[in-house]
Amino acid sequence: MQCTVLADGYCSYPAEWFFPNAGHESLARALDERRQPRESVLSPYTCLLIETGRHTILVDTGAGDSSRTAGAIVARLEMAGIRPRDVDTVILTHAHPDHIGGAVDARGRPAFPNARYVLSELEWEFWTGTRPGLRGLRVPEDVRNQMESTARRCLDALRFQLEPVAGEVQIAPGVRALPAPGHTPGHLAILIGGGGRKLLHIGDAAVHPLHLEHPDWENGFDLDARRATVARRDLLERATAEDMRLMAFHFPFPSVGRVAARRDGGWSWSPGW
Ligand SMILES: [Zn+2]
């Protein structure tokens, strides 16, 4: 089994969207320590290619046309020797635009024509039912509207290739989807590998390494911050207990690293394989 990280692009967000409940001074101090700007967060979008020998699996598709600074996934796959038609499985951790936007091409058709698109059943129901309640999001209304319209447009285009899943489920040998709700109702984490070598892809259960150091710092894009915090803790405890590598879609590229529990209750992040 071979895993390859692929940079779809990035986007810049106001820092208060990423850390809405962090104290102004402690956030400024934490960003200063990391030599990062105080006002904005440059957030990468990192997709994961899993080649098992029998299956070619893509986890998340990047932003597609919904961002001017992202949407490079097809070009990146090509650099890895993969054509869109070679991908047989696309796993969508959730239906936010930066994860699902690249699942549909410029003509509104599935970008990976031969793939089954795996998504949580709860996620499908949430976005395609009567208007999804997005009030829990601490981002401006136009951003919420864009999230809703992109999810609906993409899910509609994918409907004949969608494979909704429920609970913890095997997607392919060595690849399991784990419910990790809170960021969205059907948000999934992905556990890859087996035996002594495992990679836990936490999706958007944390969107910045500071969310590991300060597990009580919420993310404005979490629909249900309390459940998201529980899911994040569960995933990190599992990763440290079983000595897994961790991947997080928005962490600095290559978005893979290790976590270690700290005495203050948080976790430290060490990037790299
Ligand atoms: Zn995201």
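Just so it is clear, none of the values below were taken in a lab; they were calculated from the coordinates. What you are looking at is a predicted structure, and each value in this text was computed from that prediction instead of being measured. Here Cβ is always computed from backbone atoms with ideal geometry, including for glycine, and neighbour counts include all displayed protein chains.
Across q = 0.19, 0.23 Å⁻¹, the range 188-273 modelled as identical point scatterers on its alpha-carbon atoms has Debye log10 I(q)/I(0) values of -0.77, -1.15, in the order of the q list. Our estimate of slack between Leu134 and Ala28, defined as 0.36 nm per intervening residue step minus the Cα-Cα distance, is 35.4 nm. The Kirkwood hydrodynamic radius of the chain, based on inverse pair distances between different Cα atoms, is 18.5 Å.
For the chain, the relative contact order works out to 17 percent when only alpha carbon pairs closer than 8 Å and six or more residues apart are counted. If you take all other residues with their beta carbon under 13 Å from the beta carbon of Arg135, and give Lys and Arg +1 and Asp and Glu -1, the sum is -1. Neighbours of His250, meaning other residues whose beta-carbon lies under 10 angstrom from its beta-carbon, give a summed charge of -2 when Lys and Arg score +1 and Asp and Glu score -1.
Peptides 137-150, 86-99, 49-62 ordered by packing proxy, namely the average of other Cβ atoms within 10 Å per residue, highest first: 86-99, 49-62, 137-150. For the peptides 181-189, 73-81, the ranking by mean Cβ contacts within 10 Å, running from highest to lowest, is 181-189, 73-81.
Of all DSSP-defined beta bridges confined to the range 2-271, some 75% are antiparallel rather than parallel. Gyration tensor analysis over the Cα atoms of the range 1-105 returns equivalent ellipsoid semi-axes of 32, 14, 12 Å (largest first, whole Å). Taking the helices alone, the chain has a mean residue ellipticity at 222 nm of -7500 deg cm²/dmol, built from -39,500 (n - 2.57) per DSSP H run of at least 4 residues and averaged over all its residues. With only the Cα atoms considered, the range 109-152 has a convex hull volume of 98 Å³ per residue. Packing, taken as the mean count of other beta carbons within 10 Å per residue, orders the peptides 230-237, 248-255 from highest to lowest as 248-255, 230-237. Given R₀ = 22 Å, FRET efficiency for Arg35-Ala261 by Cβ-Cβ distance, to 0.05? Rounded to the nearest 0.05, the efficiency is 0.30. Each label was represented as a point 7 Å from its Cα along the Cα-to-Cβ direction; for Asp142 and Asn114 these points are 4.2 nm apart.
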